[in-house]
Amino acid sequence: MRVLAIGDIVGENGLEKLKVTLPKLKEEKNIDFVIVNAENTSGGMGLTFKCFNELQKLKVDSITMGNHTWAKKDIFDFINNPIIIRPANYSEGVPGHGYGIYECKGKKIAVIDLIGRTDMGILSENPFLVVDKIINKISDKVDIIIVDFHAEATAEKIAMKYHLDGRVNFVFGTHTHVQTADEEVTEKGTAYITDLGMTGPKNSVIGMDTEASLKRFITSLPERYKLANGDCILCGAIIDINDECCRTENIDRIYLK
Ligand code: FE2
């Protein structure tokens, strides 16, 4: 089984890049299951119903979110759709699901979404403890477990790798929009990458217009972020899972211009 995880779609241009790239990529790489992080899709923050529908048309299997989950009010109309997952360590009782269980090639795949607590500006529960609870609950009901850790700090993400080592198939980071070159499969069989990178405008400050971003940094005055234009990149990673024993055997980074 081959699983493709795609990093944060940034803006409608990023979504367009996904639309033109994904069908071919799936065919060329024999992809069975696709996860996309979509929390920056609509105007750079959140996910509207229109963009959600386009992702469904593309037949992505699971959509993960992050700190901008609630940025577009449309989200409350479809947050309970099983295809979409918001961070599991939000306060108990918030709408939506923190993980989803899907069927693929006769296997059950759990996808868990978590949000970090370092420099995220969001009060969330402890992701390390929350993920333990979820794994304890589902581990005998699923064959494969994949975790999107949407977090700013590399240290927090690397710590999560060690925390989940040998207990899940894949831990990938999202949120920083810059792909890291530290992909590996650990000796215990967990694929890991600190950040998948983004699917969005290449010439930008993590997807945002360079002029507006520079103005903020240079003047320290408030300046509205605006999405960048221009050619997009698509970033992600593909893992190979053994169909017999469900052990992760390989990870390849994807960076497409
Ligand atoms: Fe984010």
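The values are calculated or read from the model by the stated rules, or taken from the named source; none is laboratory data. Here the structure is a predicted model, which is why all the values come from computation and not from measurement. Please note: Cβ atoms are built from the backbone with ideal geometry, for glycine as well, and neighbour counts cover all protein chains shown. Quick note on the areas: whole protein, heavy atoms, side chains included, nothing else; ligands and nucleic acids left out. Shrake-Rupley method; radii C 1.70, N 1.55, O 1.52, S 1.80 Å.
Here are the numbers:
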read-out	value
Equivalent ellipsoid, the chain (semi-axes from 5 times Cα gyration tensor eigenvalues, Å)	27, 20, 18
Dipole magnitude (debye, nearest 20) for the chain, charges at Cβ of Lys, Arg, Asp, Glu	500
Within the chain, percent of DSSP bridges classed antiparallel, to nearest 5	50
Accessible-area ranking of R2, R216, largest first, probe 1.4 Å	R216, R2
The chain, helix-only ellipticity at 222 nm - DSSP H runs n ≥ 4, -39,500 (n - 2.57), divided by all residues, nearest 500	-7500 deg cm²/dmol
Area accessible to solvent at R253, 1.4 Å probe radius, in Å²	100
Signed unit charges on C-beta, dipole axis of the range 78-117, positive-most listed residue G106, G96, P82	G106
Protein-only accessible surface order, largest first, of T69, T219 at 1.4 Å	T219, T69
For the range 28-175, share of DSSP beta bridges that run antiparallel, in % to the nearest 5	25
Förster radius 45 Å - calculated FRET efficiency between D243 and I218, Cβ distance, rounded to 0.05	0.25
Largest to smallest accessible area among F76, F217 [probe 1.4 Å]	F217, F76
Heavy atoms of C246: accessible area, 1.4 Å probe, square angstrom to 10	20
Stokes-Einstein D in µm²/s, Kirkwood radius over Cα pairs - the range 1-80 at 4 °C with 1.567 mPa s viscosity	103
Accessible area (Å², 1.4 Å probe, nearest 10) - D61	50
Shape of the range 44-156, Cα gyration tensor, a/c cut at 1.5	oblate
Alpha carbon centroid spacing (whole Å) that separates the range 205-252 from the range 62-113	20
